[in-house]
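Shown next, in structure tokens, is the structure this report addresses.
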Ligand code: APR
């Protein structure tokens, strides 16, 4: 039996936070990777985290590097490398810069860890996951994007605040691309097993849906520079845990679709089962006409970004 190995590419705000949370949960040994120009700070962050181990009581080795050879034989590779959104910038503005980063990172990762599962966070994440998929040549179940866990977490936060109840008892359901036209499905969202539609008036739910859709932008505007990273890191770690512990969790994830929900050859956020084999299944649900229209609109936005990539 050996300890799992997890590489986190991009040692910025999200990557570093993800690495620390992975270590705190003892999910494996961690290799934090960034560009050669950032090698000192990357090594420094990794060593600093390692030194938190004795205090917090976690056993996980953490190293920082710019050399992909050190990532060899990773079980899971989490990709957060790239440029973060600035105020006034849409996620889509980032597309060309980050696509180039995805290609170079993926080539290196795949060379050293041909059997790994790849989990992508870099925005615009639906299109970036597609880019990683086609660069890697990996089967679709081993290339997954994160957005739904985060979007759902935002939705659950706002609902719990509104009802004055525990976040633990609130479940949500978000479909579609990680953009302002994502589709939070109130019909499938509950608090303590009670449908939210029975607990909150429609206009309050509509307001929460709207705030969820703009949740990323709300943080970007408050931060001034950079974009959200605590909740994104927590979301990556939940997916990582589902994979590394083969939990078979039902989580929203960005999956490669081959006909599911009527879409072909694209990545989009849908309900899935996540376990030791990665994205093990896409769960297909009947949607109302209105929901399907909203999902079509969201898929169309993702397609537009994919077109930029050619
Ligand atoms: N290889 C490795 N690391 C890279 C590369 C590359 N080719 N290009 C950039 N990076 C690194 C940067 O040096 C930086 O340390 O990626 C890191 C990004 O970190 P931040 O700028 O702090 O951005 P962060 O907030 O972590 O967001 C990263 O996640 O949520 C998304 O939209 C967000 O796409 C963005 C990503």
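Any read-out appearing in this document is the output of simple, stated calculations on the displayed coordinates, not a laboratory observation. Just so it is clear, the model here is predicted, and its values are computed rather than measured. Heads up, the Cβs are rebuilt from the backbone with ideal geometry, glycines too, and the neighbour counts pull from every protein chain shown.
Before we move on, is residue 102 touching a residue at least 40 places away in the same chain (Cβ under 8 Å), near the ligand (Cβ under 10 Å from one of its atoms) and either surrounded by fewer than 23 Cβ atoms within 10 Å (Cβ to Cβ) or in a helix (DSSP H, G or I) (or both)?
Values: touching a residue at least 40 places away in the same chain (Cβ under 8 Å): no; near the ligand (Cβ under 10 Å from one of its atoms): yes; either surrounded by fewer than 23 Cβ atoms within 10 Å (Cβ to Cβ) or in a helix (DSSP H, G or I) (or both): yes.
It is false that residue 102 is touching a residue at least 40 places away in the same chain (Cβ under 8 Å), near the ligand (Cβ under 10 Å from one of its atoms) and either surrounded by fewer than 23 Cβ atoms within 10 Å (Cβ to Cβ) or in a helix (DSSP H, G or I) (or both).
Can you tell me how many residues in segment 185-240 are within 16 Å of the ligand (Cβ to nearest atom) and at positive phi?
Residues meeting the conditions: 2.
Table: residues versus (1) within 28 Å of residue 133 (Cβ to Cβ); (2) within 10 Å of the ligand (Cβ to nearest atom); (3) free of Cβ contacts under 8 Å to residues at least 40 places away in the same chain.
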| residue | (1), (2), (3) |
| --- | --- |
| 14 | yes, yes, no |
| 54 | no, no, yes |
| 64 | yes, no, no |
| 98 | yes, yes, yes |
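In segment 135-152, what residues are in a helix (DSSP H, G or I) and more than 15 Å from the ligand (Cβ to nearest atom)? Please lay out each step first, then the result.
To start, the set of residues in segment 135-152 that are in a helix (DSSP H, G or I) comprises 135-136, 140-142, 148-152.
Passing the criteria: 136, 140, 141, 142, 152.
Residue check: is residue 81 in contact (Cβ under 8 Å) with a residue 12 or more places away in the chain, buried (at least 21 other Cβ atoms within 10 Å of the Cβ), outside any strand (DSSP E or B) and near the ligand (Cβ under 10 Å from one of its atoms)? Before you say what the answer is, go through the steps one by one.
On the way: in contact (Cβ under 8 Å) with a residue 12 or more places away in the chain: yes; buried (at least 21 other Cβ atoms within 10 Å of the Cβ): yes; outside any strand (DSSP E or B): yes; near the ligand (Cβ under 10 Å from one of its atoms): yes.
Criteria met by residue 81.
Can we say residue 6 is touching a residue at least 24 places away in the same chain (Cβ under 8 Å), in contact with a strand residue (DSSP E or B) (Cβ under 7 Å, 6 or more places away or on another chain), away from the ligand (no atom under 11 Å from the Cβ) and on the phi < 0 side of the Ramachandran plot? Reasoning before the result, please.
On the way: touching a residue at least 24 places away in the same chain (Cβ under 8 Å): yes; in contact with a strand residue (DSSP E or B) (Cβ under 7 Å, 6 or more places away or on another chain): yes; away from the ligand (no atom under 11 Å from the Cβ): yes; on the phi < 0 side of the Ramachandran plot: yes.
Yes.
Here is a list of conditions, (1) touching a residue at least 12 places away in the same chain (Cβ under 8 Å); (2) within 11 Å of the ligand (Cβ to nearest atom); (3) within 20 Å of residue 129 (Cβ to Cβ), and residue 76 meets all of them except one; can you say which number that is?
(2)
Looking only at segment 105-124, which residues are in a strand (DSSP E or B) and under 27 Å from residue 93 (Cα atoms)?
Of everything in segment 105-124, those that are in a strand (DSSP E or B) and under 27 Å from residue 93 (Cα atoms) turn out to be 118, 119, 120.
Considering only residues that are on the phi < 0 side of the Ramachandran plot and over 14 Å from the mean Cα position of the chain (by Cα), which ones fall in segment 143-164?
Start the filter on segment 143-164 by keeping residues that are on the phi < 0 side of the Ramachandran plot, which leaves 143-163.
Selection gives 155, 156, 157, 158, 159, 160, 161, 162, 163.
Against the definition (more than 10 Å from the ligand (Cβ to nearest atom), under 20 Å from residue 301 (Cβ atoms), over 16 Å from the mean Cα position of the chain (by Cα) and surrounded by 20 or more Cβ atoms within 10 Å (Cβ to Cβ)), how does residue 132 come out, yes or no?
On the way: more than 10 Å from the ligand (Cβ to nearest atom): yes; under 20 Å from residue 301 (Cβ atoms): yes; over 16 Å from the mean Cα position of the chain (by Cα): no; surrounded by 20 or more Cβ atoms within 10 Å (Cβ to Cβ): yes.
Spelling it out, it is not the case that residue 132 is more than 10 Å from the ligand (Cβ to nearest atom), under 20 Å from residue 301 (Cβ atoms), over 16 Å from the mean Cα position of the chain (by Cα) and surrounded by 20 or more Cβ atoms within 10 Å (Cβ to Cβ).
Would segment 153-165 turn up any residue that is part of a helix (DSSP H, G or I) and more than 24 Å from residue 210 (Cβ to Cβ)? Don't jump to the end; show me each part of the working.
Kept after step one, since they are part of a helix (DSSP H, G or I), are these residues of segment 153-165: 153-163.
Restricting the remaining residues to those that are more than 24 Å from residue 210 (Cβ to Cβ) gives none.
There is no residue in segment 153-165 that is part of a helix (DSSP H, G or I) and more than 24 Å from residue 210 (Cβ to Cβ).
Out of (1) within 16 Å of the chain's Cα centre (by Cα); (2) at negative phi, the odd one out for residue 176 is which?
The one condition residue 176 does not meet is (2).
Take residue 31 and decide whether it is in contact with a strand residue (DSSP E or B) (Cβ under 9 Å, 6 or more places away or on another chain), over 26 Å from residue 219 (Cβ atoms) and touching a residue at least 24 places away in the same chain (Cβ under 8 Å).
Values: in contact with a strand residue (DSSP E or B) (Cβ under 9 Å, 6 or more places away or on another chain): yes; over 26 Å from residue 219 (Cβ atoms): yes; touching a residue at least 24 places away in the same chain (Cβ under 8 Å): yes.
Here the answer is yes, as residue 31 does meet what is asked.
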